[in-house]
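A short write-up of the structure that comes next.
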Amino acid sequence: MSKVRWGILGTANIARAQFLPGLREAGGTAAAVAGRDAGRAEQYARDNDIDRAICGYQNLIDDPGIDALYIPLPNALHAEWTLRALAAGRPVLCEKPLCGNLPDTVRVLDAAWQTGTLLWEAFVFPFHRQIAQVRDLVAGGAIGELMEIKSSFHFQLSNPGNIRYSRELEGGALNDVGCYPIRLAAEFFGVQHEAAWAGATWGGDGVDVDTWGVLEYPGGRRLHLSCGLGRSYDTYSSLEGTAGRIVLSNPFHPGPADTYQVIAARATPTRGRPRSGAARTSTWTPRAAWASPAAGGCC
């Protein structure tokens, strides 16, 4: 099979730091990058070993030498350029959040269904070996029936000019990192939530800088989430069941020092009644990670 030729819309840091290393490890080709400024796109291509630079996002979408597109543009531009790419029949890997508001999200998903074109919101952690192991533990009854997930994603954002503080660009804590706990709940509950409530602290240019809330799922299950842009890096999460819990130091971007722990009457995923006695703990350390959290930011 020939390598997939990827085009990148925009000269974003996340493409350089996260997408390109993963693409090359997977055997894909960085065929072209597009920018609004030709000189900047050419410099980005040289610096990051990308085959070609193209001026203009639409020119990249229309380029016959491209098989798929990666869109790491600011949140407010995701809908427009994803819709254009889908209309052209280009498979899209769009950075999270897929869109910064609900109406745009509905339009983009409808377009993907109508065109039959592949679309993926760029969450990597569902494919991590760590999540696969935790999924097996939950399915095997290690903590009984999963009823509640508590999950946080906080980091310190010190630059007041960062686009995450821009309401016009659809920034804010929930869009930037609160989507991770919500995606974690979708991974393990597997259904849409039925109700939700949340509170927030507002800052920057009218965005949420600290958000907390609850999503309620069928069967009395729920997600407690907390996210923000103003405190030290924290991704602690807990999956809580009728017979125990699994705690993860970092379910989203696990590094070599991160672990998960099964805290239950039994620590192995066996079916049937749990053994009596004191709770035991099992710990697993990932052998490798896609990325470690970058100082002052995250992906």
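Table for the structure above
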| item | result |
| --- | --- |
| Whichever residue in the range 22-31 is part of a helix (DSSP H, G or I) and not charged (D, E, K, R) and, among such residues, is surrounded by the fewest Cβ atoms within 10 Å (Cβ to Cβ) | ALA26 |
| Test: residue in the range 180-196 that is at pLDDT 95 or above, within 18 Å of ALA12 (Cβ to Cβ) and surrounded by fewer than 21 Cβ atoms within 10 Å (Cβ to Cβ) | no |
| Qualifying residues in the range 103-116 (those that are within 18 Å of PRO74 (Cβ to Cβ) and not charged (D, E, K, R)) - the one least open to solvent (accessible area, probe 1.4 Å) | VAL108 |
| Elements of type helices (runs of 4 or more DSSP H) in the range 95-194, at least 1 residues being more than 23 Å from SER226 (Cβ to Cβ) and of a type in the set (Asp, Glu) | 102-115, 129-139 |
| Failed item, numbered, when VAL262 is tested on (1) within 30 Å of LEU20 (Cα to Cα); (2) buried (at least 16 other Cβ atoms within 10 Å of the Cβ); (3) at pLDDT 95 or above | (1) |
| Near pairs, Cβ below 6 angstrom, 6+ apart or cross-chain, from the range 194-212 (over 18 Å from SER152 (Cα atoms)) to any residue that is open to solvent by 30 Å² or more (accessible area, probe 1.4 Å) and in a loop (DSSP other than H, G, I, E, B) | ASP205/ARG167; GLY206/ARG167; VAL207/ARG167 |
| Some residue of the range 73-82 being surrounded by 17 or more Cβ atoms within 10 Å (Cβ to Cβ) and part of a loop (DSSP other than H, G, I, E, B) | yes |
| Test: residue in the range 32-49 that is under 25 Å from GLY172 (Cα atoms) and open to solvent by less than 20 Å² (accessible area, probe 1.4 Å) | yes |
| Among (1) under 17 Å from the mean Cα position of the chain (by Cα); (2) open to solvent by 20 Å² or more (accessible area, probe 1.4 Å) - the single one VAL92 does not satisfy | (2) |
| Cβ pairs under 8 Å, 6+ apart, first in the range 220-236 and within 18 Å of TYR260 (Cβ to Cβ) and in contact (Cβ under 8 Å) with a residue 24 or more places away in the chain, second assigned to a loop (DSSP other than H, G, I, E, B) and acidic (Asp, Glu) | none |
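The values are calculated or read from the model by the stated rules, or taken from the named source; none is laboratory data. Just so we're clear, the structure is a prediction, and the values are computed from it rather than from any experiment. Here Cβ is always computed from backbone atoms with ideal geometry, including for glycine, and neighbour counts include all displayed protein chains. Heads up: the accessible areas ignore ligands, DNA and RNA and are worked out on the full protein's heavy atoms, side chains in. Shrake-Rupley method; radii C 1.70, N 1.55, O 1.52, S 1.80 Å.
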